[in-house]
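Here's the structure we're looking at; comments come further down.
Please treat every number below as a calculation from the coordinates, not as lab data. A quick note: this is a predicted structure, and the numbers were derived from the prediction, not measured. For neighbour counting, all protein chains shown are included, and Cβ atoms are generated from backbone atoms with ideal geometry for every residue, glycine included.
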Amino acid sequence: MSHPIVKSVIVPGLPHPLLVPEQNPGWQQIRDGFEAARAEIAASGADVIVVYSTMWPSVIGHQMQARPEPEWVHVDDIFHGLGSIPYRFRMDADLAHAWVDRARGRGLMARAVDYHGFPIDTGSVVALKLLNPDNALPAVIVSSNVYADRAETIVLGKALLDALEEQGKTACAVVVSTLSNRLFTDWIEPHEDRIHSPKDEEWNNKLLEFLADGRLEDVAQLSRVIHNQIRVHKVVNFKPMWWLAAVAGQHNRFDGAVHAYAPLFGTGGAVVTLTPSASSVGDKEFDEDDVDVYRGDRNVLDGPSTPAPARASSTPGAPAAPAPPRDGGTVHAAAAPKPVGAYPHARRVGDLLYLSGVGSRTPGTDAIPGGPVRDGGGNALDYDIEAQTRQCIENVRLILEASGSSLDRVVDVTAFLIDMDRDFAGYNAVYREYFEPIQATRTTLAIQALPTPIAVELKVVALSGDVPKP
Amino acid sequence: MSKGSIVAGCLAPHPPHLVYADNPPQNEPKAECGWEELRWGYERMRKRLDALDYDVLVVHTPHWQTYVGTHFLGLPRFQSLSVDPIFPNLFRFQYDLSVDVDLAEDICARAADAGLVTTMMRNPDFRVDYGTIVSCHMTRPAWDKPVVCISSCRSTAWYSVEVMQEQALALAKATREAVEASGKRAVLLASNSLSHRHFTNESDVPEDMSQEHIYNHGQYLWDMRLIEHIRQGRGREIVDEMPEFITQAISEADAGSMTWLLGALGMPAYPGEVHAYGTVIGTGNAVVSWVPPGGAA
């Protein structure tokens, strides 16, 4: 299946383009930009619209709007004088619930919201009224947790992809957020509207330059800088671009279109669409870790009694990582190749560590030493089973060390080969180098294929690092 | 007409959990128990206030957040369903609230004369924020007193605590003068918690009190420092320390409610009566009343 996000959209949430666009040419320009984005969404073939609103703050994890047909007459807390906004929306409750489940599966607190009269925020109301006026597509809205930082927000996005893939749906992802967010603090006449400061204006234009080039991941990587430069610090960080980049695939390969940019009561309002594309202007240097599972609040203020999270350590002489808790403690080894599904690298039960199947991809790059077994078209390629086996065992070592254990504590190995006749001898020779002194029990099986184009995978059980060897 | 007065000022925090645990008929979700210390504290405060024979509640609310000045409810009656956007599982409350529009307009006008940006809110579809409803309900569950509802201008976030306090004290002076001119006996409510770092998880049973405690020790130390100031009648010291308190305890006093209250009371040098202290999902909350010696501030 191709990527489930077929369109990404950025829109502002202030009510002026909806309620009084005629009062200012810039507000009308944004209204027209909404219309252009609406037309793109309608033509995208998406099954659902998913809205991440910076104007819906939450505290208890993230909340997903799951009421099938929420209905109310909304009035903005500040701009109540512009009028009321009656609405009735159509939600994809099944997707909302699936997203909640998948978010929880990745370690996040999440819950579905299905209550009559729940106060849908101004930004979501404006976005859905203008982007989806006839409820042609069902929608899901998600809150923005005030305490969440990058890890939670990236994982939240990945959980949406899990849910979409599970349900076989495609979506348009919509972020409701201004660029610079400094409002005027006194009432102005509509014709007096302007971006609050030249600095805000310069940063807005720089962001729009990136977005017009389709450089969404680059903008996401700049989120902390954006927060410090052009955002009033109402929450811990500027996170909508993290979410959008996470759901859109964490790359820069988009065709960007800036449909409108204008001041909205001092803030920078922009309507931008991003359509997946084969081309890219390239990436800036990625300087932050990817993250697949959220492991809870850092409790950075709690002092030394707070246990540090387990981290991979493959540096010779470095102290061993702490062993995970005895019952159900999971390990996500940052130094090992990323899992290809929603599972940890390892899990401890009692004295034993159970590792998920470990393949031969190189950590960080996913390159396969000795070459892949097939090309992108499915054509068989020559490959080096010894190189693959060696990388596979090194990956096992990385995961065990991240778990506070080590290779010499392995007690049982199950090996999977995709071509027993061709590969057994080479695999067995490398295996001997590592495991002859360890004397773990072993079973070797021939199977039809593995999920990535590799030839060998190992399933390992080992003693935890804090358990004496027998 | 005799001169009006502020007969009491109260710290009246608004966690919806307190209404939820009280099980009033207006609230749809029902609880088994929970947060008794705070709810019993509110009971004690209500008895204290009942003896004062007041006419109106004036509430400053952190959960009507306005970035363009300070707003006031400006119609005689608001009646609707309030659903807490953060705890909708706990708070879905049918409210029926009457407004003292005359007093609201006078505070609004006097604050504008003092240089603040002020606005009367007259859209009949407007939903009153849940913070106002919780603080008013816990203080006066009979709902038989009119209310003046004042929004929180978010100048702490926009500018600084110092700017917020400057504005809150100007609003306090306007409030006090308007109350005095009205001839009414007013009780003022600052609807804020003290330390305000929440847990980001909730128990399966929200009222499971085995899970309730302060978020961390630093928050508790700050709360106790503020409460000791209250108990010792050091109102001015609280305002002086507000920048550090807000920054380090992530305090909800950033909304300006507490500064406004202390300013309107004339920086009380007499003790506040601490009816209760307790935590709600990790935040620190105190129920306090200041009753001016001699009967009026």
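From the Cα trace of the range A:353-464, what convex hull volume per residue do you get, rounded to a whole Å³?
Numbers: hull volume 10.0 nm³, N = 112.
Cα-based convex hull of the range A:353-464, divided per residue, equals 89 Å³.
Using only C-alpha atoms and all pairs of different ones, pull out the Kirkwood radius for the range B:164-203 in Å with one decimal.
Values: mean 1/r = 0.0763 Å⁻¹.
Taking every pair of different Cα atoms in the range B:164-203, averaging 1/r and inverting gives 13.1 Å.
For the range A:5-276, just the Cα set please: Rg and Dmax, both in angstrom.
Computed over the Cα atoms of the range A:5-276, radius of gyration and Dmax are 17.0, 50 Å.
Measure out, as a whole number of angstrom, how far apart the alpha-carbon centroids of the range A:430-470 and the range A:101-153 sit.
One Cα centre to the other: 44 Å.
Please give the charge dipole size of the protein assembly as shown, origin at the Cα centre, charges +1 on K and R Cβ atoms and -1 on D and E Cβ atoms. Round to the nearest 20 debye. The partial results should precede the final answer.
Working: 66 positive and 96 negative charges, 155 e Å.
Magnitude of the dipole: close to 740 debye.
For a 24 Å ceiling on Cα separation, which of these pairs sit above it: A:LYS7/A:LYS169; B:LYS3/B:LYS145; A:LYS129/A:LYS169; A:LYS7/A:LYS158; A:LYS129/A:LYS199; B:LYS47/B:LYS184?
Working: A:LYS7/A:LYS169 13 Å; B:LYS3/B:LYS145 19 Å; A:LYS129/A:LYS169 22 Å; A:LYS7/A:LYS158 16 Å; A:LYS129/A:LYS199 32 Å; B:LYS47/B:LYS184 20 Å.
A:LYS129/A:LYS199, as the Cα separations exceed 24 Å there.
Under the definition of Cα pairs under 8 Å and six or more residues apart, what whole-number percent is the relative contact order of chain A? Don't jump to the answer; show the numbers that get you there.
Numbers: 1008 pairs, mean separation 72.3, N = 470.
Dividing the mean separation by the residue count of chain A yields 15 percent.
Modelling each spin label as a point 7 Å along the Cα-to-Cβ direction, I'd like the A:ILE188/A:THR441 distance in nm, to one decimal.
Output for this residue pair reads 7.5 nm.
Using the alpha-carbon atoms, what tilt in degrees (0 to 90, nearest 10) does helix A:385-402 show relative to the longest principal axis of chain A?
Around 70 degrees separate the two axes.
Any chance you could list the semi-axes, whole Å, largest first, of the equivalent ellipsoid that the Cα gyration tensor gives for the range B:82-226, using √(5λ)? Kindly include the intermediate steps, with their values, before the conclusion.
Numbers: eigenvalues 182, 93, 43 Å².
Equivalent ellipsoid semi-axes, largest first: 30, 22, 15 Å.
Between the helical axis of A:420-435 and the dominant principal axis of chain A, each derived from Cα atoms, what acute angle in degrees is found, rounded to the nearest 10?
Around 80 degrees separate the two axes.
Would you please classify the overall shape of the range A:67-223 from the alpha carbon gyration tensor, given that a ≥ b ≥ c denote the square roots of the eigenvalues, rounded means a/c under 1.5, and beyond that prolate means a/b larger than b/c while oblate covers the rest? Please list the in-between numbers first.
Values: a/c = 1.98, a/b = 1.23, b/c = 1.61.
Oblate, since a/c reaches 1.5 and b/c is not below a/b.
For the residues B:ASP144, A:ASP121, B:ASP55, B:ASP208, what sequence is obtained by ranking on other C-beta atoms within 10 Å, fewest first? If you can, show how the numbers build up before the last one.
Numbers: B:ASP144 7, A:ASP121 24, B:ASP55 17, B:ASP208 13.
Fewest-to-most Cβ neighbours within 10 Å comes out as B:ASP144, B:ASP208, B:ASP55, A:ASP121.
Specify the angular offset, from 0 to 90 degrees and rounded to the nearest 10, of the alpha carbon long axis of helix A:198-212 from the longest principal axis of the alpha carbons in chain A.
The angle comes out near 60 degrees.
I'd like the distance separating the alpha-carbon centroids of the range A:1-44 and the range B:59-81, in whole Å.
Taking the Cα centre of each part, the range A:1-44 and the range B:59-81 sit 30 Å apart.
Given that compact globular proteins tend to follow 2.2 N^0.38 Å, what is the ratio of the alpha-carbon Rg of the range A:158-292 to that value?
Working: Rg = 15.9 Å, N = 135, 2.2 N^0.38 = 14.2 Å.
In units of the globular-protein estimate, the range A:158-292 measures up at 1.12.
Debye sum, Cα scatterers, chain B, no solvent: what log₁₀ I/I(0) at q = 0.11 1/Å?
Result of the Debye calculation: -0.58.
I'd like the distance between the alpha-carbon centres of the range B:125-175 and the range B:93-120, rounded to an integer number of Å.
After rounding, the separation between the Cα centres reads 10 Å.
Would you mind giving the average projected area, over all directions, of the Cα convex hull of the range B:1-54 in nm² with one decimal?
Details: hull surface 20.2 nm².
If I average the Cα hull's projected area over directions, I get 5.0 nm².
Helix-only mean residue ellipticity at 222 nm, the protein assembly as shown, DSSP H runs n ≥ 4 weighted -39,500 (n - 2.57), per residue, nearest 500. What is it? Walk me through the intermediate numbers first.
Numbers: 20 runs with 245 residues, N = 767.
So the calculated ellipticity at 222 nm is -10000 deg cm²/dmol.
Would you mind counting up the charge near B:ASN23? Only other residues with Cβ under 15 Å from its Cβ, with Lys and Arg at +1 and Asp and Glu at -1.
Numbers: positive: B:LYS30, B:ARG39, B:ARG92; negative: B:ASP22, B:GLU28, B:GLU32, B:GLU36, B:GLU43, B:GLU207.
Charge balance near B:ASN23 sits at -3.
Test of understanding: express the Cα radius of gyration of the protein assembly as shown as a ratio to 2.2 N^0.38 Å, with N the residue count. Write out the running numbers ahead of the final one.
Details: Rg = 29.4 Å, N = 767, 2.2 N^0.38 = 27.5 Å.
In units of the globular-protein estimate, the protein assembly as shown measures up at 1.07.
Please identify the DSSP H helices in chain B that span no less than 30 Å along the helix axis (Cα) and have a mean Kyte-Doolittle hydropathy of 1.0 or more. Could the numbers behind the result be given before it?
Details: long enough: B:161-182 (31 Å, 0.09).
Flagged H segments: there are none.
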